[in-house]
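Peer 1: Okay, here's the structure, questions in a sec.
Every read-out reported here was derived from the displayed coordinates using simple, explicitly stated rules and does not represent laboratory data. This structure is a prediction, so every number in the text was calculated from the model and none was measured. Every residue, glycine among them, receives a Cβ derived from its backbone with ideal geometry; neighbour counts consider all protein chains shown.
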Amino acid sequence: PEARTLGTLSQPAADTTRLVGTIVATAARTITNAGSFTASAAGTLGVHGDFTGIVLATNDQIQFTIDIQIT
């Protein structure tokens, strides 16, 4: 699996926090989930999503956007 990466945090609306992160594949692999942790190491998983696999070749990049909306 790929190592955790730091995302960019923003607040596009008063009730929304957005985290955008990019993963660069270190080898050919299939990505099947993404999540947001409370810390870059040993943090608690706050948001998690599973999806149909996306195949990446070595050095391919995939970007995830996680919006958390509190209403």
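Peer 1: Distance in nm between label sites at Phe37 and Thr17, each 7 Å beyond Cα in the beta-carbon direction?
Peer 2: It works out to 1.6 nm between the two label points.
Peer 1: Evaluate the charge dipole of the chain about its Cα centre and quote only its size in Debye, nearest 20, assuming +1 on the Cβ of each Lys and Arg and -1 on the Cβ of each Asp and Glu. Mind showing how you got there, number by number?
Peer 2: On the way: 3 positive and 5 negative charges, 26 e Å.
Using only the charged Cβ atoms, the result is roughly 120 debye.
Peer 1: While we're on this one: Contact order normalised by length for the chain, with contacts defined as Cα pairs under 8 Å and 6 or more residues apart; what percent is it? Mind showing how you got there, number by number?
Peer 2: Numbers: 125 pairs, mean separation 26.7, N = 71.
Contact order relative to length: 38 percent.
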